[in-house]
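Structure record follows, encoded as structure tokens.
Please treat every number below as a calculation from the coordinates, not as lab data. As the structure is a prediction and not an experimental result, all values here were calculated from the model. Note that we place each Cβ from the backbone using ideal geometry, even for glycine, and neighbour counts take in every protein chain shown.
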2 protein chains.
Amino acid sequence: MKESEAKHPTDTHQACAATPLGRAIHLLGDSWVLLIVMNLLQGPLRFNMLRATLGHISSKTLASRLRLLEELGFVQRQAFLEIPPRVEYHLTEKGRELGDVIAALERFGNKHLSDSVVSPTCEECIALDGEAPAVKDVR
Amino acid sequence: MKESEAKHPTDTHQACAATPLGRAIHLLGDSWVLLIVMNLLQGPLRFNMLRATLGHISSKTLASRLRLLEELGFVQRQAFLEIPPRVEYHLTEKGRELGDVIAALERFGNKHLSDSVVSPTCEECIALDGEAPAVKDVR
DNA sequence: CAGGATCCGATCGGATACTG
DNA sequence: CAGTATCCGATCGGATCCTG
């Protein structure tokens, strides 16, 4: 370990959490988080519904991201004590503001990442197809 | 492998590259890319300069991200045939538009991720400190 | 100086099985 | 249904060494 005096492994968080932007990058520099928020922007969803919408994602991964988002106060977990159990996740006021970021992302994507460039990797990405996320005017 | 008929490993690209937004998420769902672009927004930088600015990042990782960004046409690689070699990376017109996303990210960070919540992880994150990225309209 | 090639450990994320 | 605990393979990213 000498290439630059690194200390932690996976220093992806290097330019890390010291600055707000750094934290934002660290948080949103995660596809899952982005995807989850994106879906939640369209309304509350239940655990498995969210999973289905996301396509392939293990319950483990989904649970961890949801927990993270909840801890940060961007997502509100609402559990109904019934049988079978039902849990709905919905964005909080703060969380909904992530819509701005998603919107920027979408605008950028539509403008420069329209089906043309970029190597096609997945073919059955039906999850988000069709129903245009329509994040745009979330407020 | 049965939890949802996944086919590829690391299906992070699941809600994948089928839609522009999906691709944007896939691309920007990477801290390094975000960080690199952020720094490049302030002006062209040379390979090692960029590395230094980013804090800890291996040449391998940096090179791969730069290559990716270059292939997508967001970064322009300009090599000077001299000795010692000099290579400057600067954002293209398209790449500069990523500033909008970064700006949204920054706005969000300043608003909801200001030093308070979030577990402090790194202490010497001086890389981005001080000189506020000044993406432009920090609001 | 800019980066390619390799080796390798750490981490992430998926699959499975199990519980309330 | 909504997770949690565990096992484990695939990938990522860092460190090194090396070349133009």
Sites matching GluC sites (Glu not before Pro) across region A:13-107 that sit in DSSP coil, with at most 12 neighbouring C-beta atoms within 10 Å: A:82
Linear extension gain, residue A:94 paired with residue A:78, 0.36 nm per residue minus alpha-carbon span: 4.1 nm
Relative to the other copies, what are the label-point distances for residue A:73, with labels 7 Å from Cα along the C-beta vector, expressed in nm at one decimal and sorted shortest first? 4.2
For the pair residue A:58/residue B:67, report the inter-label distance in nm, with labels modelled 7 Å from Cα in the Cβ direction. 2.9 nm
Distances in nm from residue B:110 to the matching label points in the other copies, shortest first (labels 7 Å along Cα to Cβ): 2.6
